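The values are calculated or read from the model by the stated rules, or taken from the named source; none is laboratory data. Just so we're clear, the structure is a prediction, and the values are computed from it rather than from any experiment. All Cβ positions, glycine included, derive from the backbone under ideal geometry; neighbour counts span all protein chains shown. We work out accessible area using only protein heavy atoms, side chains counted, and drop any ligands, DNA or RNA first. Shrake-Rupley method; radii C 1.70, N 1.55, O 1.52, S 1.80 Å.
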Amino acid sequence: MKLTGDWSFPTTIKFGVGRVTELESACQHAHIKRPLLVTDRGLATLPVIRRVLDIMEDAGLGRAIFSQVDPNPTEMNLAVGLTAYREGAHDGVIAVGGGSGLDLGKMVAFMIGQTRSVWDFEDIGDQWTFANSDCIAPIVAVPTTAGTGSEVGRASVLTNSLTREKKIIFHPRILPTVVICDPELTVDLPPAMTAGTGLDAFAHCVEAFSSPHFHPLSQGIAVEGMRLVIQNLRRAFDDGTDLSARAHMMVAAAMGATAFQKGLGAIHALSHPIGALYNTHHGTTNAVCMPAVLRLNRPAIEERLSSVSPYLGISGGFEGFCNFVETFNASLGIPKRLSQLGVIDPDMDRLVKDALADPSCGGNPVELTHDNVRNLLGSIL
């Protein structure tokens, strides 16, 4: 099977090795003539960004770049990015990278013509309707990891630098116009980052599948996403040049982000405040939280996970699935406890409060309370 495709769901996707060379046609499709490339600091100096900039320049698109993006992007990063966009008289964004670069790039395109604060568009109720949709700039997304799936998402995660809270900013129009998924761009991703981002995709699929909300389309996507991660993440971890494994992981990441329209849950409700307060890697934090959350949710998801486990190649029903997750984490170098990620003597009251306030709570199959969230945190510290 040739792992190449042109897809129109959930947006226009050009998938396959070498397809980053089609950046010019992607910009034409999005009506972008003067793009600003947005990426994170760590990626900005690497060959992958130089390659993208060269492609842009050869296509007559310039080589303007903004890279003042933190691993957990903030409104301060956004403000500087908006200034760069205005000063360069740009007409669209090419967002390149993992979740931080993609999320911040989408926010620059979204906020460039808004007059309200970005926090007015938090994903609460219909607050997205406060935005002026006509002034949102077009976006071309080029992921360089296989994890967040932000390239096919209608939201970005932004950390409030004052309150140290992660907020989800949502608008349907920040779904990128064109996505270029080129597995070759992920080949140089180090093993630890391959594991952390890949397990982020796995968490998206597991939580979407576990969510009690009715969304059969997302349910099916989540199952196949889990299978692809299970079959390919260890291969990509062991051999970063395995383009077949890399390709399937890029698909799984996009599937996870598509599936979690059905909802997320306690894994993300915990990892958002942990990341905001202690600057841990999001996907790795999700992986640490997953075994304890699965067991909390057992009464609501045991039958569901048991029924799908044989398709995933896992025996032993629900207990077998939980044991698999713990073994899978260990094989990828994921620690068992948050203290191993640098979360030492945490502010438990603050973590519990912020977790219960996180919108992901609404998708957890077991109601989250002060007591069970505190117990969850205590079990993984």
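When you count, for each residue, the other Cβ atoms within 10 Å and take the mean per peptide, how do 30-41, 232-243, 187-198, 6-17 rank with the highest first? List each step's numbers first, then the result.
Details: 30-41: 22.2, 232-243: 18.1, 187-198: 20.4, 6-17: 16.3.
Top of the packing list down: 30-41, 187-198, 232-243, 6-17.
log10 I(q)/I(0), Debye, Cα-only the chain, no solvent, q = 0.06, 0.09, 0.12 Å⁻¹?
Values returned for q = 0.06, 0.09, 0.12 Å⁻¹ are -0.20, -0.47, -0.86.
Starting from the Cα of His29, step 7 Å along the direction of its Cβ; do the same at Lys353; then give the gap between the two resulting points in nm.
About 4.7 nm separates the two model spin labels.
Summing Lys, Arg as +1 and Asp, Glu as -1, what charge do residues with Cβ under 10 Å from the Cβ of Ser100 carry, Ser100 excluded?
Details: positive: Arg41; negative: Asp40, Asp70, Asp103.
Computed value for this residue: -2.
Ignoring ligands, DNA and RNA, what percent of the 1.4 Å accessible area of segment 237-381 is carbon and sulfur?
Values: 2930 of 5680 Å².
Ligands and nucleic acids excluded, carbon and sulfur reach 52 percent.
Provide the packing ranking of 347-360, 139-152, i.e. peptides ordered by the mean count of other C-beta atoms within 10 Å per residue, highest first.
Details: 347-360: 17.3, 139-152: 28.5.
Highest mean packing first, the order is 139-152, 347-360.
Any idea of the accessible area per residue across segment 238-381, 1.4 Å probe, to the nearest Å²?
39 Å²
Measure up Lys14/Lys166; Lys167/Lys262; Lys2/Lys106; Lys262/Lys336; Lys14/Lys106 against 23 Å on the Cα-Cα distance and list the ones that go over.
Lys14/Lys166; Lys2/Lys106; Lys262/Lys336
Could you look at segment 158-199 and say what percent of its accessible area is carbon and sulfur, using a 1.4 Å probe and all protein chains? Kindly include the intermediate steps, with their values, before the conclusion.
Values: 870 of 1450 Å².
Here carbon and sulfur together make up 60 percent of the probe-accessible area.
If you average the C-alpha positions of segment 13-41 and of segment 333-380 separately, how far apart do those two centres end up, in angstrom?
With segment 13-41 and segment 333-380 each reduced to a Cα centre, they are spaced 38 Å.
Could you give me the ³J(HN,Hα) list for segment 153-158, computed from phi with Karplus coefficients 6.51, -1.76, 1.60 and θ = phi - 60°, whole Hz, x at Gly and Pro?
My calculation for segment 153-158 gives x, 9, 8, 9, 9, 10 Hz in order.
Computed from the mean reciprocal separation of all distinct C-alpha pairs, what Kirkwood hydrodynamic radius does segment 97-216 have, in Å?
Kirkwood hydrodynamic radius for segment 97-216: 15.5 Å.
Figure the gain on full extension for Ile124 and Asp371 (residue separation times 0.36 nm, minus the Cα-Cα span) and round it to one decimal in nm. Don't jump to the answer; show the numbers that get you there.
Working: separation 247, 0.36 × 247 = 88.92 nm, distance 2.46 nm.
Roughly 86.5 nm would be gained on extension.
Rounded, prolate or oblate, given the Cα gyration tensor of segment 178-236, with a/c below 1.5 counting as rounded? Don't jump to the answer; show the numbers that get you there.
Working: a/c = 2.54, a/b = 1.79, b/c = 1.42.
Since a/c reaches 1.5 and a/b is larger than b/c, the shape of segment 178-236 is classed as prolate.
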